[in-house]
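S.K.: To start, I am sharing the structure in question, which I have written as structure tokens.
The values are calculated or read from the model by the stated rules, or taken from the named source; none is laboratory data. Bear in mind the structure is a predicted one, so any value in this text is a computation, not a measurement. So basically every Cβ, Gly included, is an ideal-geometry build from the backbone, and we count neighbours across all protein chains shown.
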Amino acid sequence: MDIYNLKAGTSPLIISVPHAGTFVPEDIKKYFTAIARTLPDTDWHVDQLYNDFANANNATIVKANYSRYVIDLNRPSNDEPLYPGQTKIPLCPEETFDGQALYEDTSDMTGRIEKYWQPYHDELARQIERVKGIHGYAILYDAHSICQIVPRLFEGNLPDLNLGTVNGISCDKGMAKAAFEVAQDSSYSAVLNGRFVGGYITRHYGDPEGNVHALQMELVRGNYMNEDGFVYDEARAAQLKPVLERVLHAITNNFDAGIKPKPV
Ligand SMILES: [Zn+2]
């Protein structure tokens, strides 16, 4: 199994999908508990919401194929906590979000950074440089989804659309404003820099001064799938997809980098 799938486009937009992978190597899976094998914390099918947009608009998509239970690509490789004071999701988790054990026995995590984490980040970095080579800047949209109710991670019901720009520092301010206005102007609840301000990918690559603009979108999964059995729901997705596409158009169209594209 390839570590990730890449569809390279020519637009300034790169969509990163680090948590939709469901593959677990057998030498890890054999120690998994029954609940771990159902992969409940996956950002199920989230890439399906963006593929049509990416194809129509020539965006790049990098999608991880391995489960977040193997290694979490949206955490730093030194495993520092992203949200100090809150329940920590480690680089190589040993529990579900609900606190159920992932392993029957103690598990061996050695080598996972080199094998599964580094290749994804090397590819993201390559794509950012490639797109910058074409346009002078790159926009990185880190696409996620989560169950609406996870008491160990946040109180109450999560808003439907959670945009994160690391409290305003990971992308151009006008870009964030345009994206948030479109999200608010929909039938879904929306928040900017609420519980999810952006994980490692948004924080690490977002560098407006260096012409890389990063945003995270954390979606409530129930708006496009059934939490029972984690099945994609075409009808619900058909409602959500146009809103996400308007958000992406707002991000890409309302931005003047002030950089003249290099002649191709
Ligand atoms: Zn995620």
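S.K.: Filter the stretch 36-49 for residues that are among the charged types (D, E, K, R) and within 16 Å of the ligand (Cβ to nearest atom); which is nearest to Tyr69 (Cα to Cα)? Talk me through it step by step, then tell me what you get.
M.R.: Restricting attention to the stretch 36-49, the residues satisfying the condition of being among the charged types (D, E, K, R) are 37, 41, 43, 47.
Next, from what is left, pick out any that are within 16 Å of the ligand (Cβ to nearest atom): 41, 43, 47.
On the way: Asp41: 8, Asp43: 12, Asp47: 18 Å.
This residue is Asp41.
S.K.: Taking Val150 as meeting all but one of (1) surrounded by fewer than 18 Cβ atoms within 10 Å (Cβ to Cβ); (2) assigned to a helix (DSSP H, G or I); (3) within 15 Å of the ligand (Cβ to nearest atom), write down the number of the exception.
M.R.: Going through the list (1) surrounded by fewer than 18 Cβ atoms within 10 Å (Cβ to Cβ); (2) assigned to a helix (DSSP H, G or I); (3) within 15 Å of the ligand (Cβ to nearest atom), Val150 breaks only (2).
S.K.: Sort through Tyr120, Tyr83, Tyr141 and tell me the only one that's at pLDDT below 95, within 16 Å of the ligand (Cβ to nearest atom) and within 18 Å of the chain's Cα centre (by Cα). I'd like the intermediate steps shown before the answer.
M.R.: Details: Tyr120 fails: at pLDDT below 95; Tyr141 fails: at pLDDT below 95.
Testing whether each residue is at pLDDT below 95, within 16 Å of the ligand (Cβ to nearest atom) and within 18 Å of the chain's Cα centre (by Cα) leaves just Tyr83.
S.K.: Filter the stretch 1-35 down to the residues that are within 16 Å of the ligand (Cβ to nearest atom) and among the small types (Gly, Ala, Ser), then identify the one that is surrounded by the fewest Cβ atoms within 10 Å (Cβ to Cβ).
M.R.: Ala20
S.K.: Only residues that are acidic (Asp, Glu) and closer than 19 Å to Ile169 by Cα: list them for the stretch 213-257, please. Working first, answer last.
M.R.: Here is the first cut: in the stretch 213-257, the ones acidic (Asp, Glu) are 218, 227-228, 233-234, 245, 256.
Glu218, Asp256, listed by residue number.
S.K.: Next up: Suppose we filter the stretch 224-253 for residues that are assigned to a loop (DSSP other than H, G, I, E, B) and acidic (Asp, Glu); how many remain? Reasoning before the result, please.
M.R.: In the first step, residues of the stretch 224-253 are kept if they are assigned to a loop (DSSP other than H, G, I, E, B); the result is 224, 227-230, 233.
With the extra rule that they be acidic (Asp, Glu), the set shrinks to 227-228, 233.
Qualifying residue count for the region: 3.
S.K.: Could you tell me whether Asn51 is free of Cβ contacts under 8 Å to residues at least 40 places away in the same chain and surrounded by fewer than 14 Cβ atoms within 10 Å (Cβ to Cβ)?
M.R.: Values: free of Cβ contacts under 8 Å to residues at least 40 places away in the same chain: yes; surrounded by fewer than 14 Cβ atoms within 10 Å (Cβ to Cβ): no.
No, not satisfied.
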